[in-house]
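The values are calculated or read from the model by the stated rules, or taken from the named source; none is laboratory data. All figures in this text were calculated on a predicted structure; none of them were measured in a lab. Counting neighbours? That spans all protein chains shown, and the Cβs are built from the backbone with ideal geometry, glycine included. We work out accessible area using only protein heavy atoms, side chains counted, and drop any ligands, DNA or RNA first. Shrake-Rupley method; radii C 1.70, N 1.55, O 1.52, S 1.80 Å.
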Amino acid sequence: MVYIDGVYLLKANGANRNEQAANLMNEIKRLAIKFNIPIVISTQFNKTVTTEKSSTVKDTGIAMTDVANWNNSFAVGLSRDDDLKLQNQMEMTILKVRDGKNPGSIKLNWNFDTMNF
């Protein structure tokens, strides 16, 4: 398994940031298939998403390119409002499941002070 934290920081060929991001997402998918390994990436949402409002956290909100959504097999979005922060929780919304049933949202412990996740 390969983890890439902040995939948007990697450089790729392309005429602009959106094309570069699309080329990067396509190449990551090709590598996963070629080597038959899962590749887990983190990225950001675009400006249509307000992570303090879970209803805006959608797979179409993945930043810079629709190609990220087209290529992924499983996508998760994290959000939390002020109430969840006070409770040291985070809402994990399953945005996409290629094969299987989408369970929706799950509330998690999310406390950096005690490292309770």
Relative contact order [Cα under 8 Å, 6+ residues apart], the stretch 43-109, whole percent
27 percent
Provide the per-residue ³J(HN,Hα) series for the stretch 74-91, in order, calculated from phi with Karplus coefficients 6.51, -1.76, 1.60 and θ = phi - 60°, each as a whole number of Hz, with x at glycine and proline positions.
8, 9, 10, x, 10, 8, 6, 8, 4, 4, 5, 4, 5, 8, 6, 10, 9, 9
Quote the charge dipole size of the chain about the Cα centre in Debye, to the nearest 20; the model charges only the Cβ of Lys and Arg (+1) and of Asp and Glu (-1).
380 debye
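How many Å² of accessible area per residue for the chain, probe 1.4 Å? Each step should come with its number before you reach the end.
Details: 8100 Å² over 117 residues.
With all protein chains present, the chain gives 69 Å² per residue.
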The chain: relative contact order from alpha carbon pairs under 8 Å, six or more residues apart, as a whole percent, is 19 percent
The stretch 13-18 - phi-based ³J(HN,Hα) in whole Hz, Karplus 6.51/-1.76/1.60, Gly and Pro as x:
6, x, 6, 8, 4, 5
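Rounding to the nearest 20 debye, state how big the charge dipole of the stretch 49-117 is about its Cα centre with +1 on each Lys and Arg Cβ and -1 on each Asp and Glu Cβ.
220 debye
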So, with a 1.4 angstrom probe, what is the percent of accessible area on the stretch 1-96 that is carbon and sulfur?
52 percent
Within the set L78, L31, L86, GNM on the chain using Cα springs under 10 Å gives the largest fluctuation to L86
